[in-house]
Amino acid sequence: MQIQIKRAYAEVLPSDGKRILVDRLWPRGIKKEDTKIDLWAKEITPSTELRKWYAHDPEHWDEFQQRYRAELRSQAELLQQIREIAKQEKISLITAAKSERYNHVIVLKQVLEEN
């Protein structure tokens, strides 16, 4: 299973494999036709309430991870669908998040790789 994380603003490359947008909102300043997104998985992003509570504050990181993992439990079917894709080909989880260290996609990637 090959899963990588990539910013929405980075160059689209053939080596990206299947490109899955994992943000609830469309990235600012990017045209849909320019992103080459194969799947927009809004359902597996943090809820609006959780996203606003977290606000990318590193002090909330540990609790954010726990709360987000709890939310992901209700998305088992979509998570399994993405795992199946990742078994067949490389996937890129696409996000507009600026922080490479404190963002939901890190948690999502871990969850996908755990099962």
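Taking region 80-107 as the search range and keeping residues that are surrounded by 14 or more Cβ atoms within 10 Å (Cβ to Cβ) and over 21 Å from LYS36 (Cα atoms), which one is farthest from the chain's Cα centre (by Cα)?
Step by step, filter region 80-107, then rank; the result is TYR102.
Of the conditions (1) free of Cβ contacts under 8 Å to residues at least 60 places away in the same chain; (2) in contact with a Phe, Trp or Tyr (Cβ under 9 Å, 6 or more places away or on another chain); (3) surrounded by 17 or more Cβ atoms within 10 Å (Cβ to Cβ), ASP23 fails just one. Which one is it?
All conditions pass for ASP23, except number (1).
If the Cβ limit is 6 Å and pairs must be 6+ apart or interchain, which residue in region 36-59 that is assigned to a helix (DSSP H, G or I) pairs with which residue that is hydrophobic (A, V, I, L, M, F, W, C) and surrounded by 14 or more Cβ atoms within 10 Å (Cβ to Cβ)?
GLU43/LEU78; ILE44/LEU78; TYR54/PHE64
Name every residue in region 60-95 that is part of a helix (DSSP H, G or I), hydrophobic (A, V, I, L, M, F, W, C) and closer than 15 Å to GLN110 by Cβ, in order of residue number.
TRP61, PHE64, ALA70, LEU72, LEU79, ILE82, ALA86
Whether any residue in region 33-56 is surrounded by 13 or more Cβ atoms within 10 Å (Cβ to Cβ), hydroxyl-bearing (Ser, Thr, Tyr) and farther than 22 Å from ILE85 by Cα is what I want to check.
Among the residues of region 33-56, at least one is surrounded by 13 or more Cβ atoms within 10 Å (Cβ to Cβ), hydroxyl-bearing (Ser, Thr, Tyr) and farther than 22 Å from ILE85 by Cα, which makes the answer yes.
All of the numbers you see were taken from the coordinates with simple rules; none came from a lab. Just so it is clear, the model here is predicted, and its values are computed rather than measured. No Cβ is skipped: glycine too gets one built from the backbone with ideal geometry, and neighbour counts run over all protein chains shown.
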